[in-house]
Every structure is written in structure tokens, then in C-alpha cells.
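**Student:** Dropping the structure in here first, questions after.
The values are calculated or read from the model by the stated rules, or taken from the named source; none is laboratory data. None of the values given here were measured: they were computed from a predicted structure. Glycine also receives a Cβ, built like all others from the backbone with ideal geometry; neighbour counts cover every protein chain displayed.
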Amino acid sequence: MAIEFSERIRRLPVYPVAGGYALGDDIAMLASNESPDPPLRAVVAAAQRALGGANRYPDPSNAALRRALGNRYEVPAARIAIGNGSCDILLAAGEALLEPGAELVYAWPSFSVYPHLAAASGARAITVPLDGAQRHDLGAMLSEITAATRLVIVCNPNNPTSTALPFDEIAAFVAAVPRHVAVIVDEAYCEFNVLDDPDTTLDLLPKHSNLVLLRTFSKVYGLCGLRVGFALCGSNDFPRAVDQVRQPFFCNVAAQAAAVEALKHQDAVADRVERAIVARVEVESGLNRLGIEPAESQANFCWFDLPEDADEAEVVRGLAERGVMVRAGGALGREGALRVTYGTPGQNARFLDALAAVL
Ligand SMILES: Cc1ncc(COP(=O)(O)O)c(C=O)c1O
């Protein structure tokens, strides 16, 4: 007889993970919005030093990391939550805020983890379609907020569509949401957004106790293999609640040390952003030459509809056969689209050549 699992497990969607991790080195891994650069030597050295103390549990208060983040982002350490990746904070937010009868509002297509929050908690997910330019329709999202709403998530820049809204629109939205509703602005890719300085949203924190700016070391800091995310919050309440629902040692010693070290190298962050923006221009012109118009990217990846006569699965397979891993839109909310991370100049050229060959 088979094991009898909970009703909740039947509701939970399976996260669409990317392939290619077991295929070896000669693969252009452009499916998971990772950084193409290995971590800095100083960051690896800090992680290695920390491993020498791996007989001890990691500091459960993540004190050094919260202090370093507090200094870098000018947010009091008590208003900072740490996570085993920012996904960990998202899932903990769902657990802390949602329950049957509660509602959660987010745009769609957006980040594939958001549907888990409602499925796991039994809350109702209200999904609001993106506008014609594949950006969040904040007016429509606002009109979906009811007395039952506990959480609204805005992904800016949005994964998978790469588009972003300017700061003024985000600020007006946050100001219009009732104070008892938590607003998570998921800023995993904010450093790549040239519409505004990524630190502009920090100014909103002292004004809005319900605001959570969700960030990560996985993208521009290039440390996704270590799993560290953080949330900069408008009050102490959110960090306290997400800590309450998780096991105490969610961020390991190497990850904490590497993240603290990575924060010291903001010049490397600026350099990675610059190279991603050069890649953005190169990949966009390459796509244009193939007659493809990508969405306006403010991230480290692009998103575009394939020509009508192209079959999404065949294109993804054809690219994989040529050693290029990308993400099919169907699994991310839009059939017939592709999401492609910017890689090194060589990987970008390989992707464009492979796409030309496949189409
Ligand atoms: C919008 C968005 N938020 C959060 C994350 C989670 O990142 P991590 O858990 O690695 O911090 C991702 C990862 O792809 C993302 O695209």
C-alpha cells in the first residue's frame, strides 16, 4: 500500500527546475538567471575560513551578516531578515501571513515560487495579468485588495518577463496599500535595473511599516550555490515572524561568511552590472536581427515570444542539443516564449548562433 500524504502535498505545484547541471562544463547555462562569473577569490577564501569552524552550528542570529547589511543599506539590523536564499523568506512569509480564508495578490506570469504560498497555506491566490508591455498592472492589483488580503507581492524587475516599473509607481502603490497588508517588493534583480538607482526604494522603508524589500546574494553577488537571501523591512515584525516559523540554523557558516565578504566588494557588483547591460544590448540586437522583439529588460535575462511557426519545446530541445540551456515560457506562465539569461560574451554569441540555426 502506498504512503498516504497530506491534502496539502496534492495541492502544491512542483517548482519547474532547470536542467543542465549534470551535463559538465561545456554547456552555456542560461536557464536560471545565475551570474556567469565565479565568486571573487576573497569571497571563496572567507567561506573556506568559516568551514574550519563547521563543528559549531552557524550563528542563528546571523549577527555579522545583519550588521554588514545594516551598514551597506542603512537599515537597522533588527529590521533585516536572512534566509536560505530569498525563496526561504518567501515561503516563510506565506507560512507567517497566510491561512485558509486569507488572500494573496500577485501578478502573472511572475516568479514560479509565488503559487506555492497559497497552495501551502490554503489561502486564495488572486493573480493579476501583466499589462500589454508585460509589466505589472499595479492599478488592477490594487483593486484586488480586499479585507481578506494579507500579502501582496510585486516582482520588480519581474521574473520571467524582465520588465520593471519606475520607482514613482512602486512608491504610489505601496502608499495606497492598507497598512495591515504586507507588501513584498521582490527585488532579486534590482541592481540590473537602469530605470532607478536600486537604493531608491530603501527610502520607503521608514514610511511604511508593512513594506518588505526582498533581495538576494544569488544574482548580482553571484552566490546562488550558497543560498543566502535577505529582506529589508519597514518594521521588526516581519523578521521576527519569519524567524518564528523556520528552523534556527537556516544559513550555514560558509554562506554567512561569504555574504559578509561579498558586501565589501561593491566595485565588483558595479562591474557585473555593467557587463550585464552590455550583454543586454548585444543579445537584443542579435534577437532583432532574427526578427524577434524581446520585452524591455531591466534584469540579467531577456524574455521574448518565439515566431508563430516555432514550437517552444522543439526550440528548447534544439538549443540544448547545441549546448545552450534556456527556459521554456510554458513552464513559467506563457506558452511560446523563452527566458534566456545573459552569459559571458561567448555564451551569448553561442546562444544567438544556436537560435538562428534552430529557427
Ligand atoms: C524574482 C525572484 N525572487 C527570488 C528568487 C530566489 O532567489 P534565491 O532563493 O536564490 O535568493 C528568484 C530566483 O530566481 C527570483 O527570480
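**Student:** Considering F230, F250, which residue is within 16 Å of the ligand (Cβ to nearest atom), modelled with pLDDT of 95 or more and surrounded by fewer than 24 Cβ atoms within 10 Å (Cβ to Cβ)?
**Tutor:** Step by step, each of F230, F250 is checked, and only F250 is within 16 Å of the ligand (Cβ to nearest atom), modelled with pLDDT of 95 or more and surrounded by fewer than 24 Cβ atoms within 10 Å (Cβ to Cβ).
Conditions (1) of a type in the set (D, E, K, R); (2) more than 12 Å from the ligand (Cβ to nearest atom); (3) modelled with pLDDT under 95; (4) within 18 Å of A182 (Cβ to Cβ), marked per residue:
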{"position": "A118", "(1), (2), (3), (4)": "no, yes, no, yes"}
{"position": "R124", "(1), (2), (3), (4)": "yes, yes, no, yes"}
{"position": "T127", "(1), (2), (3), (4)": "no, yes, no, yes"}
{"position": "L130", "(1), (2), (3), (4)": "no, yes, no, no"}
{"position": "R135", "(1), (2), (3), (4)": "yes, yes, no, no"}
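**Student:** Still on this structure: Filter the stretch 298-334 down to residues that are touching a strand residue (DSSP E or B) at 6+ places or on another chain (Cβ under 7 Å), small (G, A, S) and buried (at least 18 other Cβ atoms within 10 Å of the Cβ) and give me whichever is nearest to V14 (Cα to Cα).
**Tutor:** G333
**Student:** Right, another one. If you go through the stretch 51-65 one residue at a time, do you hit one that is acidic (D, E) and either over 23 Å from the mean Cα position of the chain (by Cα) or within 30 Å of P160 (Cβ to Cβ) (or both)? Spell out how you get there, then give the answer.
**Tutor:** First pass over the stretch 51-65, keeping only residues acidic (D, E): 59.
Pick out the ones that are also either over 23 Å from the mean Cα position of the chain (by Cα) or within 30 Å of P160 (Cβ to Cβ) (or both) and you get 59.
Yes, the stretch 51-65 contains at least one residue that is acidic (D, E) and either over 23 Å from the mean Cα position of the chain (by Cα) or within 30 Å of P160 (Cβ to Cβ) (or both).
**Student:** Something else now. Name the residues in the stretch 75-89 that are within 11 Å of the ligand (Cβ to nearest atom), in contact with a strand residue (DSSP E or B) (Cβ under 6 Å, 6 or more places away or on another chain) and assigned to a loop (DSSP other than H, G, I, E, B), would you?
**Tutor:** G85
**Student:** Right, something else. Only residues that are modelled with pLDDT under 95 and over 20 Å from G318 (Cβ atoms): list them for the stretch 23-36, please.
**Tutor:** Of everything in the stretch 23-36, just one residue is modelled with pLDDT under 95 and over 20 Å from G318 (Cβ atoms), namely D25.
**Student:** Could you check how many residues of the stretch 188-227 are free of Cβ contacts under 8 Å to residues at least 60 places away in the same chain, under 16 Å from the mean Cα position of the chain (by Cα), more than 10 Å from the ligand (Cβ to nearest atom) and surrounded by fewer than 23 Cβ atoms within 10 Å (Cβ to Cβ)?
**Tutor:** Residues meeting the conditions: 1.
**Student:** Another question, then. Using the structure shown, decide if L151 is in contact with a helix residue (DSSP H, G or I) (Cβ under 7 Å, 6 or more places away or on another chain), surrounded by 22 or more Cβ atoms within 10 Å (Cβ to Cβ) and farther than 18 Å from A299 by Cβ.
**Tutor:** So L151 fits the description; yes.
**Student:** Mind checking whether some residue in the stretch 90-102 is within 16 Å of the ligand (Cβ to nearest atom) and out of contact with any helix residue (DSSP H, G or I) (no Cβ under 8 Å at 6 or more places or on another chain)?
**Tutor:** Scanning the stretch 90-102 turns up no residue that is within 16 Å of the ligand (Cβ to nearest atom) and out of contact with any helix residue (DSSP H, G or I) (no Cβ under 8 Å at 6 or more places or on another chain).
**Student:** Looking at the stretch 52-70, which of its residues are surrounded by 11 or more Cβ atoms within 10 Å (Cβ to Cβ) and free of Cβ contacts under 8 Å to residues at least 12 places away in the same chain?
**Tutor:** Passing the criteria: S61, R67, G70.
**Student:** If you scan the stretch 132-177, which residues turn out to be touching a residue at least 12 places away in the same chain (Cβ under 8 Å) and charged (D, E, K, R)?
**Tutor:** R135, D137, E144, R150, E169, listed by residue number.
**Student:** Could you please find all residues in the stretch 27-49 being surrounded by fewer than 20 Cβ atoms within 10 Å (Cβ to Cβ) and assigned to a helix (DSSP H, G or I)?
**Tutor:** Within the stretch 27-49, R41, A42, V44, A45, Q48, R49 meet the criteria.
**Student:** Okay, next question. Looking at the structure I just gave you, is G24 surrounded by fewer than 20 Cβ atoms within 10 Å (Cβ to Cβ), more than 16 Å from the ligand (Cβ to nearest atom) and in a helix (DSSP H, G or I)?
**Tutor:** For G24, the condition - surrounded by fewer than 20 Cβ atoms within 10 Å (Cβ to Cβ), more than 16 Å from the ligand (Cβ to nearest atom) and in a helix (DSSP H, G or I) - is not met.
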